[in-house]
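Reviewing the structure listed below.
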Amino acid sequence: MCRQLDVARSGFYAWRQRQEVPGPLAAENAVITAEIQAVFQEHRGFYGSPRIHQELRAAGRQVGRHCVARLMQCAQLKARTRRAFRACSRASSGAAGVVENLLHQDFQPR
């Protein structure tokens, strides 16, 4: 059974007004989000919220790192991770053989 909640008429119209005309905080968030998207695309999507926060602070924008993370999440911006280094699998096989001792060092245990 669903409960029906009564909403005051003034509350409904106030909510509708907020949907049509965003407040100053929403407008500021939109400006910051545009700057975040610019930095994000400049670095081809590899920068996450800490680095983007660092870039914005260097540009003179006073904004918190968690605010940047929240706005990135709202804009569905997620940093790509770089591929980890992996040594070539063929180099470790016996095909390459043993390298010649160019320094003439003694590697025998005593």
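Values quoted throughout were computed directly from the atomic coordinates according to the rules given, and no laboratory measurement underlies them. Computed from a prediction, not measured in an experiment: that's the story for all the values here.
The stretch 43-85 and the stretch 1-37 have Cα centres lying 25 Å from one another. Per-residue ellipticity at 222 nm computed for the chain from its helices equals -14500 deg cm²/dmol, with DSSP H segments shorter than 4 residues left out and the rest contributing -39,500 (n - 2.57).
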